[in-house]
Amino acid sequence: MLVISTESGHVEVDEELYGFFSTFIDGELSESEMPDGISLYDFFEDYLVSGHALIDLPKLTKNVLDDWGDLYDWFEAISTSPSLNKLVSFVDPAIDDFSYEDYPPIKFFKSEEILVKSTIEFLLQDEEFMSAHGICYSVVMCSGRKLYLLFTDINCWALGHCQSVRVISSWDSIPNLY
């Protein structure tokens, strides 16, 4: 089993190693299952790409844009950190301090679509959220075929405590990936 090259943001491997990874598609691969001489940590440290996150967006209630309390509950179901106040500042940095009673969420976000889009953009740029919910991945290729090794809980990996990755062949298999 051989790592052939690491050009263009991916790692090219031989047929044997690619076949090994392929047996774990849509499942978990643990460090203890790796072939001798190859570690998941090699892929984490040397071939990592970032920029995606798993975000479970709760269903929007019909009142979510009418009441800050309902919006707060919706947002807290996604993340207790960062705060809804930081989202508001992200969407409109000019807003310093405003009266929530005089300015309902619908006037601020305009629509559910804008709320969802703003929330996703905000969370993807928030370092604390991304360290907890972000996904880094390694692209493993062989003869033009691709697999992705997904590393979640980046802090855990960085500390050397994580032991498994998810293997996928397509991003379409993860519906809540942004």
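Rule-based calculations on the coordinates, nothing more; no lab input. All values derive from a computational prediction rather than experimental measurement. In this analysis, Cβ positions are derived from the backbone assuming ideal geometry, glycine residues included, and neighbour counts consider all displayed protein chains.
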Quiz item: Can you give the calculated 222 nm mean residue ellipticity of the chain, where each DSSP H run of n ≥ 4 adds -39,500 (n - 2.57) and the sum is split over every residue, rounded to the nearest 500 deg cm²/dmol?
Solution: -10000 deg cm²/dmol
Quiz prompt | Label point distance in nm, Lys86-Glu28, each placed 7 Å from Cα along Cα→Cβ | solution = 2.8 nm
Exercise. With both partners inside the chain, how many of the DSSP beta bridges are antiparallel, as a percent to the nearest 5?
Key: 90 percent
Self-check item: Interchain or long-range residues, amide H under 5 Å from Ile135's placed H
Solution: Gly51, His52, Ala53, Leu54
Practice problem: Please say if the chain is rounded, prolate or oblate, where rounded means a/c under 1.5 for a ≥ b ≥ c the square roots of the C-alpha gyration tensor eigenvalues, and otherwise the choice is prolate for a/b larger than b/c and oblate otherwise? | Solution: prolate
Practice problem: Evaluate 2.2 N^0.38 Å with N set to the residue count of segment 80-178, then give the Cα radius of gyration divided by it. | Solution: 1.44
Practice problem: Kyte-Doolittle cut-off -0.5, length cut-off 18 Å along the helix's own axis using Cα: show which whole DSSP H helices in the chain pass. | Solution: 112-125
Self-check item: Under 18 Å, Cα to Cα: Lys pairs in the chain, sequence gap 8 or more or different chains
Solution: 9
Quiz item: Relative contact order, percent, of the chain when contacts are C-alpha pairs under 8 Å separated by at least 6 residues?
Solution: 34 percent
Quiz item: What does the highest-first list of 11-20, 152-161 look like by mean Cβ count within 10 Å?
Solution: 11-20, 152-161
